[in-house]
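**Q** Sharing a structure, written as structure tokens. Questions coming.
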Amino acid sequence: MALQLVGGAFFSSMFQALFDKMASSEVMDFFRKKKLNPGLLKNLEILLISADAVLDDAEGKQLGNPHVRKWLLQLKEAIYAAEDLMIEICDECLPTDVECESSSRPTKVMRLTLPAF
């Protein structure tokens, strides 16, 4: 049970960090500069909000349902991929000699390994 709570806190903080980074001026400027469709960010945000909405229920069901467990593991990898994307965007749009606010410049993501049941 405690491991579920740790996983939930992890996911919640990751979602919030991703939402903050996606809304940052650096990421928005990157999309404008590269002439990318800002709808892509909106779609990612919608997907993350949807995943966050069902996360609590899924964490409670993962012990008895291997399909839910697999979904949670895939969600974890998707969150890491989104975080890596935000890191790449910030690295590309910010010169290396410029200090960036900690809230907008991502830090290295610590990988949380969920126990297999």
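**Q** Scanning region 30-45 for residues that are among the hydrophobic types (A, V, I, L, M, F, W, C) and open to solvent by less than 90 Å² (accessible area, probe 1.4 Å), which turns out farthest from F15 (Cα to Cα)?
**A** L36
**Q** In addition: Can you say whether T113 is under 27 Å from K42 (Cα atoms), open to solvent by 40 Å² or more (accessible area, probe 1.4 Å) and either in a helix (DSSP H, G or I) or at pLDDT below 65 (or both), as far as the supplied structure shows?
**A** no
**Q** Would you be able to tell me the number of residues in region 49-89 that are free of Cβ contacts under 8 Å to residues at least 40 places away in the same chain and under 27 Å from D20 (Cβ atoms)?
**A** 17
The values are calculated or read from the model by the stated rules, or taken from the named source; none is laboratory data. Since we're looking at a predicted model, the values are computed, not measured. Positions of Cβ are backbone-derived with ideal geometry, glycine not excepted, and every protein chain shown enters the neighbour counts. For accessibility, only protein heavy atoms count, side chains too; no ligands or nucleic acids. Shrake-Rupley method; radii C 1.70, N 1.55, O 1.52, S 1.80 Å.
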